[in-house]
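The structure appears below as C-alpha cells.
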Amino acid sequence: MNRTWWKEAVIYQIYPRSFMDSDGDGIGDLQGIISRLDYLKYLGIDVIWLSPVYKSPNDDNGYDISDYQDIMDEFGSMEDFDELLAAAHERGIRIVMDLVVNHTSDEHRWFVESRKSKDSVYRDYYIWREGKDAQTPPNNWGSCFGGPAWQYDGETDMYYLHLFSGKQPDLNWDNPKVREEVFRMMTWWCDKGIDGFRMDVINMISKTEEMPDGEVHGLYGSFDPYCVNGPNVHKYLQEMNEKVLSKYDIMTVGETGGVTTELAKQYAGEDTHELNMVFQFEHVEGDGKYGKWTDEKIPLITLKKIMSRWQCELYGKAWNSLFWDNHDQPRAVSRFGDDRPRFREMSAKMLATCLHMMQGTPYIYQGEELGMTNYPFRSPEDFRDIESINAYREWCGKGAVSHEIFWPCITFKSRDNARTPMQWDDSPQAGFTAGNPWIAVNPNYTQINAKAETADPDSVFHYYKKLIALRKENPIIVYGRYEPLLEDNGELFVYTRELNDEKLLVVCSFCDYETNFAVPAEFAGASCLISNTGDAYGETERTLKPYEAFVLHKK
Ligand code: GLC
C-alpha cells in the first residue's frame with residue numbers, strides 16, 4: 001500500500017456560514033475562519049475542507065454557484081481568501097475546496113445565456129428537453145429537494161433538468177466545452193495553491209442519453225439508474241485526472257451517494273487514476289421511514305456490518321474516508337450516541353474512538369469535537385434548510401403523514417441540526433456573532449462550548465486532540481489491517497488492527513447500561529493507548545461502563 005500524506009491526515013470540515021462571523025452581520029465569513037485557525041492548529045488537524053465560499057444566491061447555502069472564480073459577498077473577498085490560504089499554510093494546514101460541478105446556479109452566466117434561446121452557444125451546457133405535452137415534463141423524475149426534477153422555461157418552451165432545486169440546473173458533462181471550462185476553472189484554483197477538492201455529488205455528472213420514466217417511490221419516479229454512476233462518469237473523471245489532478249500534489253474526495261464497495265474500488269482505486277477516496281453513505285442512508293426521514297437509530301449489528309465490509313473490502317485496493325456527520329447529516333452524538341447530559345461526553349468520546357481507530361482518513365465536522373448536539377426545534381418556522389422546508393411541506397402539507405408522526409423524524413435528521421452556529425463560548429450567541437445569527441444558536445451553548453472544552457483536560461475536545469496525536473505517532477492506526485470481532489453482538493463494537501508485529505484491540509460499548517467483556521488472551525498485559533474512563537486496564541474480565549471505549553496496544 002502506498003504511503004501518502006492524505007492517508008495520514010485528519011480533516012476538519014468548515015461550514016463557513018455557521019463557523020465564525022467577524023463583522024456582525026450574523027453570517028460566518030472568511031475573516032472569522034482566519035481568527036480561529038489557531039484553535040484548529042491546537043486541535044491538531046492537518047486539512048480544512050471548506051464548504052462552498054463562491055459567489056452564490058444561496059438557494060442551497062452556496063451549493064448553487066453563480067461564479068466559480070469569485071467569493072460570496074457575505075463571506076468576504078478574494079483578498080480575504082488569499083489571506084486565509086496563506087495563514088493556513090503558515091500553520092501547516094492545507095485547504096481543500098468544495099467543487100460543485102454537477103450543477104450551477106440558475107444565475108450563473110452560462111445558464112442565463114443558455115435559457116435565452118435554443119441557438120445560444122451555451123444551450124448545450126445544460127440539459128434541455130421537450131415536455132411530453134404542453135403541461136407534462138419530459139418524464140416523472142423527482143428532485144432531491146422535492147417536486148419534479150424538470151423546470152419549464154417559457155422563454156423557449158422547453159424543460160431543463162435539475163436533480164436538486166430549480167435554481168440548480170444540471171450541467172451537461174457530455175458537452176466537451178463544459179468539461180473544458182470546468183477543468184480550466186479547477187486549474188485556476190490549483191495554481192492559486194489550494195490543496196485539493198471535495199467533489200459534490202460527483203457520481204451524478206454523467207446521465208444516460210435516454211431518459212425514461214423512473215420507478216415510482218412516493219410522489220415521483222427515481223432518476224437513480226439514469227443519473228447516478230452513469231455511463232461516462234469514469235471516463236470523465238479519468239480525463240479530469242489526466243488534465244488537472246495529476247499535475248498537482250493535491251487530494252480529492254468524491255461525494256458518491258449510493259456507491260458500493262465495487263464502485264468505490266473504481267472511483268478511488270490505488271491505480272485507477274480517478275479520485276483519492278470517496279464518501280460512501282451506507283451507514284447514514286437507508287434508515288429512512290418516510291423517504292430519508294426517520295426517528296430511529298440504526299441497529300448496531302447493521303452499522304457494524306456496513307463499516308466492517310467497507311474496511312475489509314477496500315483494504316489494499318482503495319482508501320476509505322471516515323465520518324459520522326457533515327453539513328447534510330444530524331449531529332453524530334445525537335444520532336449514533338446519546339445526547340442526554342449523563343451520557344453525552346462518554347458517548348461522544350466512544351464514537352470518536354470507534355471511528356478514528358479505523359483505516360481511512362477521518363473527517364471531523366465543526367463542533368463534533370465539542371460533542372455538539374441536535375437542535376431542539378419547536379416548529380417548522382425554525383428551519384432554514386431548503387430540503388427540510390420542502391420535505392415538511394411535501395409530506396405533511398399534502399397529508400401523507402400527520403405532523404405528530406413526521407415531526408420527530410424530520411427533527412431527528414434535518415440538515416439544520418448541523419448548521420446551527422459553532423459554539424465558541426458562553427457569551428450571547430455563543431460568541432459566534434455580535435449580531436443576529438442567520439440560524440438560531442443551540443440553547444445548550446452555555447454548557448457546551450469551545451472555551452469550556454479547551455479549559456477542561458478531560459473534555460471531548462481534548463479526547464479528539466489525543467486521538468489525532470495518536471494517529472501521528474502510530475502508523476498501525478493508519479495502515480494496519482482491520483478485523484471485526486463479536487460480529488453478532490448487538491451491544492459492543494469490537495475490532496482489531498494489525499501491522500507487522502503490532503496489534504490493536506478496539507472496544508466500544510454502544511449501550512447506556514453496564515455490560516461484560518472478556519479481553520482476548522493475546523491482549524493480556526497489553527498497554528492501554530486511550531480510554532474514555534481513565535481506569536487501569538489490567539484484568540481480562542471487565543464490566544464495561546455505559547458507552548465505555550478503550551484501545552489496547554500489543555507490541
Ligand atoms: C451535496 C451537498 C449538499 C447539497 C447537494 C446539492 O449533497 O453536500 O449540501 O445540497 O449536494 O449541491
Task: Filter result for Asp200 (under 30 Å from Ala87 (Cα atoms), exposed (fewer than 15 other Cβ atoms within 10 Å of the Cβ), out of contact with any Ser or Thr (no Cβ under 9 Å at 6 or more places or on another chain) and modelled with pLDDT of 95 or more) - done: no
TODO: Specify the residue that is nearest to the ligand (Cβ to nearest atom); the eligible residues are those in the stretch 382-405 that are closer than 21 Å to Arg419 by Cβ and of a type in the set (Val, Ile, Thr).
DONE: Ile386
TODO: Tally the residues that are part of a helix (DSSP H, G or I) and hydroxyl-bearing (Ser, Thr, Tyr), restricting the search to the stretch 388-427.
DONE: 3
Task: Filter result for Met240 (touching a strand residue (DSSP E or B) at 6+ places or on another chain (Cβ under 8 Å) and farther than 30 Å from Asn390 by Cα) - done: no
Task: Matching residues in the stretch 207-223 - criterion: being surrounded by fewer than 19 Cβ atoms within 10 Å (Cβ to Cβ) and closer than 24 Å to Tyr125 by Cβ - done: Thr208, Glu209, Glu210, Met211, Pro212
Task: Candidate set: the stretch 310-358, residues that are part of a helix (DSSP H, G or I) and small (Gly, Ala, Ser); chosen: the one surrounded by the most Cβ atoms within 10 Å (Cβ to Cβ) - done: Ala348
Open item on the list: Based on this model, can you work out whether Trp188 counts as among the aromatic types (Phe, Trp, Tyr) and surrounded by fewer than 20 Cβ atoms within 10 Å (Cβ to Cβ)?
Closed with: yes
Open item on the list: Given (1) away from the ligand (no atom under 15 Å from the Cβ); (2) in contact with a Phe, Trp or Tyr (Cβ under 7 Å, 6 or more places away or on another chain); (3) not in a strand (DSSP E or B), identify the lone condition not met by Asp60.
Closed with: (1)
Open item on the list: If I ask for residues that are assigned to a loop (DSSP other than H, G, I, E, B) and either at pLDDT 95 or above or of a type in the set (Gly, Ala, Ser) (or both), which ones from the stretch 217-248 would you list?
Closed with: Gly218, Ser222, Phe223, Val228, Asn229, Gly230, Pro231, Asn232, Val244, Tyr248
Task: Cβ-Cβ under 8 Å pairs, at least 6 apart or on other chains, the stretch 142-156 side touching a residue at least 12 places away in the same chain (Cβ under 8 Å) and more than 10 Å from Gly221 (Cα to Cα), far side more than 16 Å from the ligand (Cβ to nearest atom) and among the small types (Gly, Ala, Ser) - done: Trp150/Gly131; Tyr152/Gly131; Glu155/Ser117; Thr156/Ser117
Open item on the list: Take residues that are in contact (Cβ under 8 Å) with a residue 40 or more places away in the chain and tell me which of the strands (runs of 3 or more DSSP E) falling wholly in the stretch 441-555 contain 1 or more.
Closed with: 481-485, 492-499, 502-509, 527-531, 541-544, 549-554
Open item on the list: Looking only at the stretch 143-169, filter to residues that are away from the ligand (no atom under 15 Å from the Cβ) and in a strand (DSSP E or B); which one of those is nearest to Asp328 (Cα to Cα)?
Closed with: Pro148
Task: Counted residues, the stretch 30-57 - those being touching a helix residue (DSSP H, G or I) at 6+ places or on another chain (Cβ under 9 Å), small (Gly, Ala, Ser) and more than 12 Å from the ligand (Cβ to nearest atom) - done: 2
- [ ] Among the residues of the stretch 187-208, count how many are in a loop (DSSP other than H, G, I, E, B) and without any contact (Cβ under 8 Å) to a residue 24 or more places away in the chain.
- [x] 1
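The values are calculated or read from the model by the stated rules, or taken from the named source; none is laboratory data. All figures in this text were calculated on a predicted structure; none of them were measured in a lab. Counting neighbours? That spans all protein chains shown, and the Cβs are built from the backbone with ideal geometry, glycine included.
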